[in-house]
1. I'd like to know if segment 188-195 contains one or more residues that are within 30 Å of Met224 (Cα to Cα), open to solvent by 60 Å² or more (accessible area, probe 1.4 Å) and over 18 Å from the mean Cα position of the chain (by Cα).
2. Does Leu30 satisfy the condition of being modelled with pLDDT under 95, in contact with a Lys or Arg (Cβ under 8 Å, 6 or more places away or on another chain) and open to solvent by 80 Å² or more (accessible area, probe 1.4 Å)?
3. List pairs: first residue in segment 178-189 and touching a residue at least 60 places away in the same chain (Cβ under 8 Å) and in a helix (DSSP H, G or I), second residue of a type in the set (D, E, K, R) and crowded, with 21+ Cβ neighbours inside 10 Å anywhere in the structure, Cβ distance under 8 angstrom, at least six positions apart or on different chains.
4. Please give the number of the condition Gly52 fails out of (1) within 28 Å of Gly175 (Cβ to Cβ); (2) open to solvent by 60 Å² or more (accessible area, probe 1.4 Å).
5. Condition test on Ile133, is it open to solvent by 70 Å² or more (accessible area, probe 1.4 Å), part of a helix (DSSP H, G or I) and not charged (D, E, K, R)?
6. Residue check: is Thr208 more than 25 Å from the chain's Cα centre (by Cα), over 30 Å from Ala86 (Cβ atoms) and surrounded by 12 or more Cβ atoms within 10 Å (Cβ to Cβ)?
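The values are calculated or read from the model by the stated rules, or taken from the named source; none is laboratory data. The structure displayed is predicted, hence computed values, not measured ones. Cβ sites come from the backbone with ideal geometry, for glycine too, and all protein chains shown count toward neighbours. To get the accessible areas, we keep the full protein, side chains included, count just its heavy atoms, and leave off ligands, DNA and RNA. Shrake-Rupley method; radii C 1.70, N 1.55, O 1.52, S 1.80 Å.
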Amino acid sequence: MATPAGTPAARRPHPALRRALRITAVLLVLLVLGGAAFGYWLVARAQPTLDGTVRVPGLTAPVSVVRDASGIPHITARTAHDLYLAQGYVHAQDRLWEMDVFRRAGSGRLAELFGAPGVALDRALRILGLNRIAAASLAATPPDARAALDAYAAGVNAFIAGHRDALPLEYLILGATPAPWTAEDSLAFGAYQAFNQNNAGMVSELLTADLQAHTTPATLAQLMPLYPAG
């Protein structure tokens, strides 16, 4: 078809430009795919080992860890020491980040992970004294319970030592590493959990009392239903 007079002819891109555009498109696709693969690898590398054999320092005999249909681990060991050590290892591989955050909360050390935003909460928790409660509890712990706490801590630390290059993604984002676990950390974790649950229970009870004063029993039953019998 002839080009009308006075209208410039449509120009096709130069062959070199077309090649450059194709190469750029391919590179962009590879970059996106590579980024997605790298992101998947960062997350997948920290997933727990569910099959096979793992050699864990400190065990005195083989230990069996079997997960049920819900993924809950069931541990079988010949000694109490091996049982608690394996429990610490399994807990760490399943939820090390959560464990670390809760022990730091119990000890008033969240700012070590989160910087300035954690200072106010650390101050409040230290005034509350959960860290002192944990230390006092450890000092009063009988020998058999202390042995269990130490074995559990050894299991957590065995996992940390063997996975320095495969820690949960949160550590990479924050540029942090988990400190070794101690028996006192387990008690600080427990103290914070107890405080957290009691605080939630207190709020719930106050809310229920307020609703009782302003609603009928039928309305209260709808707003705050009880668990079914059994």
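1. yes
2. No; evaluated as a whole, the condition is false for this residue.
3. Asp185/Arg103; Ser186/Arg103; Ala188/Arg103; Phe189/Arg103
4. Going through (1) within 28 Å of Gly175 (Cβ to Cβ); (2) open to solvent by 60 Å² or more (accessible area, probe 1.4 Å) one by one, Gly52 breaks only (1).
5. Spelling it out, Ile133 is indeed open to solvent by 70 Å² or more (accessible area, probe 1.4 Å), part of a helix (DSSP H, G or I) and not charged (D, E, K, R).
6. Working: more than 25 Å from the chain's Cα centre (by Cα): yes; over 30 Å from Ala86 (Cβ atoms): yes; surrounded by 12 or more Cβ atoms within 10 Å (Cβ to Cβ): yes.
When the stated conditions are applied, Thr208 passes them.
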